[in-house]
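None of the figures in this text is laboratory data; all of them are computed from the coordinates on show. From a predicted model like this one, the values you see are computed outputs, not experimental measurements. Positions of Cβ are generated from backbone atoms using ideal geometry, with glycine treated the same way; all protein chains shown enter the neighbour counts.
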Amino acid sequence: MDVEMFRDYCLSLPGTTEEIKWDDSLCFMIGKKIFVMNSLSTGGLALKINPEEFEQLVARDGIMQAKHLARGQWIGIGSFDVLSDTELKRRIAESRLLVLSKLSKKIQEQYI
């Protein structure tokens, strides 16, 4: 996967918006809350995960605790090549659902 395929996939998810934040982070949001971001300068990604999977995921090469984000709930992925396209898409969709689940019921009903 490359950044354009990543962007196209994220924008295909219902209710997704995009914004550049912190000068070089391409952020994808649901209800104004970020669910995945890509550093345009380093190519790295960060996304929310199920905390129960945190230890298993950070044990894999190229995956680490995401800097400056909630410990045990966000991972950093070194590049698009660390995960297969299928797994990356699944993880992005799961991240979106985790973030969506924390939003109001009214917003959730719009995008489920």
Set of lysines with alpha-carbon distance to K67 below 19 Å, sequence-local pairs under 8 removed: K21, K33, K48
5 angstrom amide H check on A66, placed H, neighbours 5+ away: W74, I75, G76
Under the Karplus curve 6.51 cos²θ - 1.76 cosθ + 1.60, θ = phi - 60°, whole-Hz ³J(HN,Hα) for the stretch 78-91, x wherever Gly or Pro sits: x, 6, 5, 7, 5, 10, 5, 4, 5, 5, 4, 4, 4, 5
Note, ³J(HN,Hα) from phi for the stretch 42-59, Karplus 6.51, -1.76, 1.60, rounded to Hz, x at Gly and Pro: 9, x, x, 10, 9, 8, 7, 9, 5, x, 5, 9, 4, 4, 4, 6, 6, 6
FRET E, pair Q56, K105, Förster distance 35 Å, beta-carbon r, rounded to 0.05: 0.65
Normalised per residue, the volume of the convex hull around the Cα set of the chain (Å³): 97
